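What follows is a short report on a single structure.
What follows is calculated from the coordinates using simple rules that are stated; it is not laboratory data. All of these numbers come straight from a predicted model, not from anything done at the bench. Neighbour counts are summed over all protein chains in view; Cβ atoms, including those assigned to glycine, are modelled from backbone coordinates with ideal geometry.
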Amino acid sequence: MTTPTSPPNPSAPLAYSELPKRTLYLTMTGLMLSLLLAALDQTVVGTAMPRIVADLNGFNHYAWVTTAYLLTSTAVVPIVGKLSDLYGRKQFLVGGAVFFVITSMLCGLAADMVQLSLFRGLQGIGAGILMSSVFTVISVIFPPAERGKIQGIFGAVFGLASITGPLVGGFLTDQQSWRWVFYVNLPVGAAAVAMLVTQFPNIRPNHLTRPKIDFLGAIVLMAAICPLLLALSLGGHEYTWGSAEILGLLGFGLVMLAIFPFVEQRASEPIIPLRLLSHRIVTIAGLGLLVGAMGMFGAILYIPLFIQGVIGASATNSGLLLAPMMGTMVVSSILGGQLISRTGRYKLAGIAGMGTMTLGMLLLATMGPDADYGTVIRNMMILGVGMGPTMPIFTLAAQNAVDVRELGVVTSFTQFSRSIGGTLGAALFGSLLTNRFGELSTSLAVERGLPPEAFELVRNPQALVDPSAAEALPAALVGSGGTELYDQVLVTVKLALSGALHDMFLAATLVLGLGVLLMLVMREVPLRKTHRPAPDTGRASEGGARPEVAARAES
């Protein structure tokens, strides 16, 4: 006997574009809170890490707190994107937010660094689900012509998180406890979940046949991503680049990456459809996000080092000096999105944005040991103006080029490219900086005729950024020249650090220059004003009439 089911709610929208205004506004608020959760957690924890290490007595596991989060948050993105295309958006968006809140509480309750690293890895899963789901939901609610201004606003959330994250982390750590860096996610997450549960409709594809999950593809993809990210995160820090551990991780990850296309060719519902990678606009967008994120992280991670080590500002002031760059990024992100939505064109804005980013990075490379605050702030603001509109444009171009039913997988592909680019930027530029600093410091020490006992000291820039290390330096030089040698060592270290940062910023400039070239060769498809299929595909959109799938809404 068949159990009767209640008829669907006739007032429930059958497409996300049909949401009433009140529901739309509350849904957007929930989405912004969800994105703020994931974005803020990437910056707020860093400020608290010294206190966490001191409290839990686990300096040896310092890197794993960040690495575990990075691994899981990146690896889960493409998998969630495909699953949300198959089964609908709401369960992943709400489930990701709930999971993120629960694991945030567990992080706050951690009793040692091993537990904290484990819980941060779990928290990264929630963050990856949120990052993938939020931008996918935006793309299914708004057609491409309207999406530019919305993505500009959401891009500004990243800038806001970058500005407020270190300040919030420092305040909570000093005034309460480092555990509140994680507990603060609970009320924000609860508000986001409440809005999404009550307002966001559960519109799902109604497949005539049950979709098959590409389990093998997911396993192979994870087996490729995790070793590669581990190698990039730990290489040059925990292990040397030529060590057996790093070479083994790189080798295994590359083998799995080579196997992945063969697995996907045989899957009925592949995690990353290979036909998308053959789409020129999607491929260029992914590469553009990768090189853009590489250059952007090169700036964000190492500008504070220049401000502290070369100019001589405190850690607090160096963090505050990043505010002008992030402020211009927020403003240009919003204005750029508005311009793109009004004109329906994005290529010229992308070229201008990426070109401005490249110019800002080049100006950073011209700074020497005599640079002042005004010069640094001017160059950072130019960089921020370019950063604002550029990164969302690549995502928008890729989304506009494909059918709506593939928005989840193509959006997750762009977010995945951005995450990989950030990891590559942090690893490769960090390695370049370390190697160049070692070469320059030794060369300058020889050139200046410093005694052998000073050579080891000039290879360590810690004295420029750590007051306790600076105070210990005179004692290490007792009997070797006193104050005069102390001054020479500091000057040598500063010159070496300035030269190494110059080379690093110049390398980032070249990387961003590739982004300009990619933007120039990208074919522009005018932004669609509806959710109808892309011009070069014959596929119907989600929620529309398709022979094999119909939209199903539940109240």
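Shape class for region 319-371, computed from the alpha carbon gyration tensor (a ≥ b ≥ c): oblate, with a/c not under 1.5 and a/b at or below b/c. Normalised Debye scattering of region 41-165 at q = 0.20 Å⁻¹ gives log10 I(q)/I(0) of -1.13, counting only Cα atoms as equal scatterers and leaving out solvent.
By the count of neighbouring beta-carbon atoms within 10 Å, fewest first, T198, T173 end up ordered T198, T173.
Diffusion of region 162-289 by Stokes-Einstein, at 25 °C in a medium of 0.890 mPa s and with Rh set to the Kirkwood radius over alpha-carbon pairs, works out to 127 µm²/s.
Counting only residues at least eight positions apart within a chain, or on another chain, the lysines with an alpha carbon under 19 Å from that of K21 are K90, K149, K529. Seen from P166, the other residues with C-beta closer than 13 Å to its C-beta sum to a net charge of -2, counting Lys and Arg as +1 and Asp and Glu as -1.
Among C107, C226, what is the fewest-to-most ranking by other Cβ atoms within 10 Å?
C226, C107
As a proxy for reagent exposure, ranking V181, V516, V489, V331 by other Cβ atoms within 10 Å from fewest up yields V331, V516, V489, V181. Note on region 374-449: dipole from Cβ charges, positive end direction compared against F416, G374, A401; the farthest Cα belongs to G374.
Each part gets one Cα centre, and for region 259-302 versus region 117-146 those centres are 17 Å apart.
The stretch between F262 and V331, if pulled fully straight at 0.36 nm per residue, gains 20.4 nm over its current Cα-Cα span.
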